[in-house]
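The values are calculated or read from the model by the stated rules, or taken from the named source; none is laboratory data. Everything quoted here is computed from the prediction, not taken from an experiment. Cβ sites come from the backbone with ideal geometry, for glycine too, and all protein chains shown count toward neighbours.
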Amino acid sequence: MFESAELGHRLSKEDYAGIEPQLRTDLLKVQYDLLEHKDFATVILINGIDGAGRGETVNLLNEWMDPRHIEVFAFDEPTDEERERPFMWRFWRALPPKGKIGVLFGNWYSDPIDERTFGRIKKAGLDQRLSEFNRFETMLVAEGVLLVKFWFHLSRVGQKKRLKALEANANTRWRVREADWLYYQEYDRYREVAEHVLRRTSTGIAPWVIVDGTDPPYRAVHVGRTLLDRLQRRVEHVRKGYRARQTAAPLVVAPDERNLLNSLVLQQSLDKKDYDEQLEKLQGRLAMAVRSEAFARHSLVLVFEGMDAAGKGGAIRRVTEALDARQYHVVPIGAPTDEESAQPYLWRFWRRLPRRGKVTIFDRSWYGRVLVERVEGFCSEADWMRAYAEINDFEDQLVSAGAIVVKLWLSVSDEEQLRRFREREAQSFKRYKITPDDWRNREKWPLYEPAVCDMIDRTSTENANWTLVEADNKYYARIKILRAIVNQLEAVLGK
């Protein structure tokens, strides 16, 4: 795969001098055009062989373009905070908003390549990571991100020559680390692993661009022209209303119209005395679980979804009563802000994930894409159809990183919801809970019901299954919710 990069590409100083002024002018022009219209975000991945000119090329791009609108991130060893989240957490936080360009050194490819090169993971583990990266990049592109991946290459001879030249110059000696020579010693193995990674992850929507790092003028022009071409093409496609054709398999409705929701017996019995006794015991078990030494190696993510007036707020309060206020955070989810709309859909949820030993409670969540956005037509059918797999990937990453994920759907009958709506309107201290949208959503329940059923069916996994809560009786619902949380916590912590 790297053979073409070892052909000794060269560009004379005269040719470079003739190309460079117009190239940097065009790059600056398209950058400001992108910044003005905010059509899409651009993510540039910088990977490759040490000494191949990665840093010099990025510095040159900053010189040619306006550096105020290029965000450069260099990822080294993860911090303690980053280690306590899923592997991809720190990369999600670095994604640029629409209109900006993000350059990522040491991105998600670096650690797996290093780990395989030095034998810390097996080939199967590497391939699993690469499959995850392909799905992640597919999601980014589907969300409108322009993803440009550069691999800077040098031959073994070229790398040695480059490192010695840097060491020989007093002004650049500091740039050569002991680790650079270690990688040089493992050059053949590193190249073998890198070729495998690039073959597995060079896709039609996110191909790798191999850059010969031998000659600086050639390297600079190759990268500059590639980036310019990608930016101009994407701007043209966006302005023409072009969107890659996406298809979605139809969802099938059961012939007898029975489903998970209309099969629930929503009125369950539990009197106040039994409720008070069970509440105290379950809150005590919850408090003990989240204060245990075992929980310090985990985090807890609670997802509350449900019909309007189903009692999510009351249930959340019964959970938080058992927790130390310093230990939890409740995140109410509404319509995305302008900042959130400028990022891929899941971005605003990734940035709210808890550290180990902490609890985050989502009052509504990432499932809005397959519920309200689906029903209201805020996204295309292809968008919400692909969201099922993206959500499952997201939750799998949470669990793999030590999070305990509990997902709860609260259902009430039509009659009970109407009673609660009228009660809220009649009581001044509850009036803020009822809005015109609640009444409108009530009328749209025939559209929401199949959306909820599809959501539960397609995202109830072995790592993060749904608990359906019959909520006509608030006492019963709160107890069932607490029991589901406690049982899952104790099952994981007791392992």
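Quick look at the values:
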| item | result |
| --- | --- |
| Only one of ARG219, ARG233, ARG225 that is in a helix (DSSP H, G or I), modelled with pLDDT of 90 or more, in contact with an Asp or Glu (Cβ under 8 Å, 6 or more places away or on another chain) and in the same structural domain as ASP114 (by TED's automatic domain parsing) | ARG219 |
| Region 398-437: number of residues that are under 26 Å from SER263 (Cα atoms) and not basic (Lys, Arg) | 14 |
| Residue list for region 157-177, restricted to those being touching a residue at least 12 places away in the same chain (Cβ under 8 Å) and touching a Lys or Arg at 6+ places or on another chain (Cβ under 8 Å) | LEU166 |
| Residue check, GLY314 modelled with pLDDT under 95 and assigned by TED's automatic domain parsing to the domain that holds MET455 | no |
| Among the residues listed as GLN488, GLN397, GLN417, the single one being in contact with a helix residue (DSSP H, G or I) (Cβ under 9 Å, 6 or more places away or on another chain), under 30 Å from GLU82 (Cα atoms), in a helix (DSSP H, G or I) and assigned by TED's automatic domain parsing to the domain that holds ARG285 | GLN397 |
| Test result for VAL412, of a type in the set (Val, Ile, Thr), touching a Gly at 6+ places or on another chain (Cβ under 9 Å) and at pLDDT 95 or above | yes |
| Residue ID - farthest from ASN473 (Cα to Cα), chosen from residues in region 414-423 that are surrounded by 13 or more Cβ atoms within 10 Å (Cβ to Cβ) and within 37 Å of the chain's Cα centre (by Cα) | PHE421 |
| Qualifying residue in region 3-18 (condition: among the charged types (D, E, K, R) and under 21 Å from GLN232 (Cα atoms)) | no |
| Subset of region 215-244 (residues that are among the aliphatic types (A, V, I, L, M) and over 16 Å from GLN22 (Cβ atoms)) | VAL235, VAL238, ALA244 |
| Unmet requirement for ARG352, which otherwise passes all of (1) under 27 Å from GLU470 (Cβ atoms); (2) surrounded by fewer than 18 Cβ atoms within 10 Å (Cβ to Cβ); (3) touching a strand residue (DSSP E or B) at 6+ places or on another chain (Cβ under 6 Å) | (1) |
| Any hit, region 343-363, residues being in the same structural domain as GLN417 (by TED's automatic domain parsing), under 17 Å from the mean Cα position of the chain (by Cα), small (Gly, Ala, Ser) and modelled with pLDDT of 95 or more | no |
| Residue among SER292, SER263, SER299, SER202 that alone is at pLDDT 95 or above, outside the structural domain of GLY8 (by TED's automatic domain parsing), surrounded by fewer than 18 Cβ atoms within 10 Å (Cβ to Cβ) and of a type outside the set (D, E, K, R) | SER292 |
| Single residue of SER299, SER292 found to be more than 14 Å from ARG478 (Cα to Cα), in contact with a helix residue (DSSP H, G or I) (Cβ under 7 Å, 6 or more places away or on another chain) and of a type in the set (Gly, Ala, Ser) | SER292 |
| Qualifying position, being out of contact with any strand residue (DSSP E or B) (no Cβ under 9 Å at 6 or more places or on another chain) and of a type in the set (A, V, I, L, M), among LEU182, LEU231 | LEU182 |
| Number of positions in region 293-312 that are farther than 29 Å from GLU443 by Cβ, in a loop (DSSP other than H, G, I, E, B) and over 24 Å from the mean Cα position of the chain (by Cα) | 1 |
| Search result, residues across region 441-463 that are touching a helix residue (DSSP H, G or I) at 6+ places or on another chain (Cβ under 6 Å) and surrounded by 16 or more Cβ atoms within 10 Å (Cβ to Cβ) | TYR448, ALA451, MET455, ARG458, THR459 |
| Selection within region 187-199 - surrounded by 15 or more Cβ atoms within 10 Å (Cβ to Cβ) and either more than 15 Å from ASP114 (Cβ to Cβ) or of a type outside the set (D, E, K, R) (or both) | TYR187, TYR190, VAL193, ALA194, HIS196, VAL197, LEU198 |
| Helices (runs of 4 or more DSSP H) fully within region 318-380 counting 2 or more residues that are closer than 21 Å to ALA403 by Cα and in contact (Cβ under 8 Å) with a residue 60 or more places away in the chain | 347-350 |
| Selection within region 49-59 - surrounded by fewer than 19 Cβ atoms within 10 Å (Cβ to Cβ) and farther than 14 Å from ASP76 by Cβ | GLU56, ASN59 |
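Conditions (1) under 30 Å from ARG233 (Cα atoms); (2) hydrophobic (A, V, I, L, M, F, W, C); (3) in the same structural domain as TRP350 (by TED's automatic domain parsing), marked per residue:
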{"position": "ASP111", "(1), (2), (3)": "no, no, no"}
{"position": "ARG116", "(1), (2), (3)": "no, no, no"}
{"position": "LYS122", "(1), (2), (3)": "no, no, no"}
{"position": "GLU137", "(1), (2), (3)": "yes, no, no"}
{"position": "TRP151", "(1), (2), (3)": "yes, yes, no"}
{"position": "VAL157", "(1), (2), (3)": "no, yes, no"}
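Yes/no per residue for (1) crowded, with 17+ Cβ neighbours inside 10 Å; (2) touching a Gly at 6+ places or on another chain (Cβ under 9 Å):
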{"position": "ARG90", "(1), (2)": "yes, no"}
{"position": "PRO96", "(1), (2)": "yes, yes"}
{"position": "PHE105", "(1), (2)": "yes, yes"}
{"position": "ASP111", "(1), (2)": "yes, no"}
{"position": "GLU115", "(1), (2)": "no, yes"}
{"position": "GLY119", "(1), (2)": "no, no"}
{"position": "LYS122", "(1), (2)": "no, no"}
{"position": "LEU126", "(1), (2)": "yes, no"}
{"position": "ARG129", "(1), (2)": "yes, no"}
